[in-house]
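> Please find one structure pasted underneath; my questions will follow.
The values are calculated or read from the model by the stated rules, or taken from the named source; none is laboratory data. In this text, all values refer to a predicted model and were calculated from it rather than measured experimentally. Every residue, glycine as well, gets a Cβ built from its backbone with ideal geometry; the counts of neighbours run over all protein chains shown.
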Amino acid sequence: MKRSSGSEFIYQLFSLLISVILVHAIYVTVIRPNAEAIQQQQHAQQLAGSEVNSQRSIYIVLKDYEQETCFILMLWVLMIMAYKAKLALRETTMLKTSILNIQQGIRILPQDANNLCRPIQNMSSEKQILLIPRTLLVALKRFIATENIAAVATAIKDTCESEADRLDSELAMIRYISWAIPSIGFIGTVRGIGEALGQAHKAVEGDIIGVTNSLGVAFNSTFIALVISIFIMFFTHQLQLLQERHVQNTQDYCDENLLNHLKNPASEDN
């Protein structure tokens, strides 16, 4: 039984929509109006022949469309990672519960495994799709079918490895966005340099505001994109570490709370 991917897709779709609306609203109401006011002030100072205030403003650094896109992607990927982290933490809470309630020193034979399957099968569907109940159920059914402890150990290992591969593949979108953010910054660099070259004749005539603004687009977009990329990669590695630890802890849990209690029927006969 696998976790439904439909709800996660809907969550990602709505989180993208929320990210676009929220970030664009901030840009329209706060960042771009302040940036335009600062640029108009600088242009007026140049026309008046006075010294232009060259102090960098955060509004100027953030005002362009490339930076806005990077922030939209940043908020989107953080919401996706928050969703996956919540699922991983929910799985981790199952490690603290006694699912099988096997007393210390008790040995389990294949004919006893059916009784252990029932509490897991009676769980709600939301709990049955979690890794620990799935792994325990697969292990118990393998023990009933094969009556072999080595086969049960293999089943536990294979289930955990399959889960690890699935979790790693689901990080592909996060990795893609982490790659796309600096790429968008470089697009802003190319656009800014192209605009600056197109206004080179104005700089020769003494009007350097246009060239300065275009070069600002080039360097600011790359600067913001790289900073956001570093920020995102940190949380990506933390999420991946959380998921890997959970899978390993699940395997250890099954080994300690189930595998160590199993007994081969052949040894019982002897």
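> Can you confirm whether Leu100 is under 27 Å from Arg166 (Cα atoms) and over 30 Å from the mean Cα position of the chain (by Cα)?
Answer is yes for this residue.
> If you take the residues in the range 1-45 that are among the hydroxyl-bearing types (Ser, Thr, Tyr) and under 30 Å from Thr135 (Cα atoms), which one is modelled with the highest pLDDT? Full working, then the answer.
Start the filter on the range 1-45 by keeping residues that are among the hydroxyl-bearing types (Ser, Thr, Tyr), which leaves 4-5, 7, 11, 15, 19, 27, 29.
This time we only want the ones that are under 30 Å from Thr135 (Cα atoms), so: 4-5, 7, 11.
On the way: Ser4: 54, Ser5: 63, Ser7: 83, Tyr11: 91.
Ranking the candidates gives Tyr11 first.
> Could you list all residues from the range 17-31 that are crowded, with 17+ Cβ neighbours inside 10 Å and either of a type in the set (Val, Ile, Thr) or closer than 17 Å to Asn220 by Cβ (or both)? Steps first, please.
Start the filter on the range 17-31 by keeping residues that are crowded, with 17+ Cβ neighbours inside 10 Å, which leaves 19, 23, 27, 31.
Val23, Tyr27, Ile31 - these are the residues of the range 17-31 that are crowded, with 17+ Cβ neighbours inside 10 Å and either of a type in the set (Val, Ile, Thr) or closer than 17 Å to Asn220 by Cβ (or both).
> Okay, next question. So in the range 55-71, with the set limited to residues that are within 20 Å of Thr222 (Cβ to Cβ) and surrounded by fewer than 17 Cβ atoms within 10 Å (Cβ to Cβ), which one is modelled with the highest pLDDT?
Here is the first cut: in the range 55-71, the residues within 20 Å of Thr222 (Cβ to Cβ) are 56-71.
If we keep only those that are surrounded by fewer than 17 Cβ atoms within 10 Å (Cβ to Cβ) too, we end up with 56-58, 65.
On the way: Arg56: 71, Ser57: 81, Ile58: 87, Tyr65: 90.
Here the residue is Tyr65.
> Out of Leu239, Leu226, Leu215, I need the residue that is farther than 24 Å from Ile38 by Cβ and at pLDDT 70 or above. Which one?
Leu239
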